[in-house]
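**Student:** Quick one: the structure is below, questions incoming.
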Amino acid sequence: QLLEHDDVADALAEHDPDVFGFVHAETSTGVLQPDVPELTDAAHDHDALVIADSVTSLGGVELRVDEWDIDVAYSGPQKCLSCPPGASPLTLSDEAMEKVLSREEDPRSWYLDLSLLEGYWGEERAYHHTAPITNVYALREALRLVAEEGIEARWARHERLAGALKAGMEAMGLEMNAPDEYWLPSLNAVRVPAGIDDGEVCDALIEQYDLEIAGGLGDLAGEIFRIGCMGHSARPENVIYVVTALGDVLESMGAAVDPGAGVTATRNALEE
């Protein structure tokens with residue numbers, strides 16, 4: 001759910017929480033949370049720590065943990081970093097770590113007891129678990145590629161290529177689920193045309209084009225397609241391919257779409 005500053009401020013005033021959490025890039029709706037500093041300022045005005053779910057934003061869209069005063073952020077390596085899953089990036093501010101170390105009750109889970117993990121990471125090097133060395137090397141290589149490309153250049157690449165995908169969808173006659181100001185480049189949620197079964201489309205794409213996109217979840221089940229444009233997959237040839245394939249399948253099922261216009265708009269956007 002998109003968070004508006006006034007609603008957040010009102011809720012903080014009413015409930016006075018110790019922790020305020022939000023999803024920066026929402027993969028089930030294709031929404032990017034804007035104006036993050038306004039949210040963190042409101043939370044800190046009430047002495048609440050801020051936790052950000054950045055699973056689908058790290059390495060794909062602008063994310064400035066320190067500048068935006070986010071206390072805790074976690075992500076997944078398998079999204080915009082194009083890394084095998086298994087070792088998740090996590091960062092905590094000094095204030096958040098102090099909160100962890102000063103807690104009065106023991107955590108319910110030994111596996112993610114950050115006080116124990118802090119001893120493992122820190123100078124003490126107290127044993128907590130056998131580290132997944134291959135995952136660590138994989139994550140290091142993924143981050144090396146991010147550094148080689150440059151993080152801001154990487155953000156721009158995702159925006160440009162997903163923008164071409166979005167242009168193709170709209171020119172074809174499809175509608176994005178999120179308004180433009182909340183559009184999430186790394187996960188494009190596209191409304192399913194009237195009279196079309198999203199599951200049949202997804203199956204046809206796999207069978208005919210060896211291409212997998214996802215359907216909606218929860219209240220949006222059957223209402224949207226979810227198309228990732230992340231990391232190594234955010235390339236011109238992939239964007240052209242998915243626009244072509246989706247247009248062909250939808251047209252074959254009788255949807256009111258113009259596949260040719262979609263491909264042309266995508267190609268024009270890529271050439272700009």
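The values are calculated or read from the model by the stated rules, or taken from the named source; none is laboratory data. Everything numeric here is computed off the predicted structure, so don't read it as measured data. Counting neighbours? That spans all protein chains shown, and the Cβs are built from the backbone with ideal geometry, glycine included. Surface areas here come from the heavy atoms of the whole protein model, side chains and all, with no ligands, DNA or RNA. Shrake-Rupley method; radii C 1.70, N 1.55, O 1.52, S 1.80 Å.
**Student:** How large is the accessible surface per residue of the chain, computed with a 1.4 Å probe and reported in Å² as a whole number?
**Tutor:** 54
**Student:** Per the Debye formula with a single identical scatterer at each Cα and no solvent contribution, what log10 I(q)/I(0) holds for segment 119-272 at q = 0.14, 0.17 Å⁻¹?
**Tutor:** Rounded to two decimals, the profile gives -0.73, -0.95.
**Student:** Given springs between every Cα pair under 10 Å in a Gaussian network model of the chain, which of Gly231, Gly122, Gly60 has the largest fluctuation?
**Tutor:** Taking springs between Cα atoms under 10 Å, the residue moving most is Gly122.
**Student:** Quick one: net charge around Ala153, please, counting Lys, Arg +1 and Asp, Glu -1 for every other residue with C-beta under 15 Å from its C-beta.
**Tutor:** 0
**Student:** If you don't mind, there's one more thing I want to ask. Let me have the relative contact order for segment 151-204, percent, based on Cα pairs under 8 Å that are six or more residues apart.
**Tutor:** 30
**Student:** In degrees between 0 and 90, to the nearest 10, how far off the longest principal axis of the chain does helix 236-252 point, with axes built from Cα atoms?
**Tutor:** The angle comes out near 50 degrees.
**Student:** What are the extents of the Cα atoms of the chain along their three principal axes, listed from largest to smallest and rounded to whole Å?
**Tutor:** That works out to 62, 46, 35 Å along the principal axes.
**Student:** Follow-up. Report the paramagnetic label zone for Ala261: residues of segment 227-245 whose backbone N is under 20 Å from a point 7 Å from Cα along the Cα-to-Cβ axis.
**Tutor:** 240-245
**Student:** Given the -39500 (n - 2.57) contribution per DSSP H run of 4+ residues, what per-residue ellipticity at 222 nm results for the chain, rounded to the nearest 500 deg cm²/dmol?
**Tutor:** -14000 deg cm²/dmol
**Student:** Take the Cα coordinates of segment 38-168, assign each an equal point scatterer, and use the Debye formula without solvent to give log10 I(q)/I(0) at q = 0.12, 0.16, 0.19, 0.22 Å⁻¹.
**Tutor:** -0.59, -0.99, -1.24, -1.39
**Student:** Could you give the spread of the C-alpha atoms of segment 1-86 along their three principal axes, from largest to smallest, in whole angstroms?
**Tutor:** Reported extents, whole Å, longest axis first: 41, 23, 21.
**Student:** Moving on. Order of 14-23, 128-137 by packing, highest average Cβ count within 10 Å first?
**Tutor:** Highest mean packing first, the order is 14-23, 128-137.
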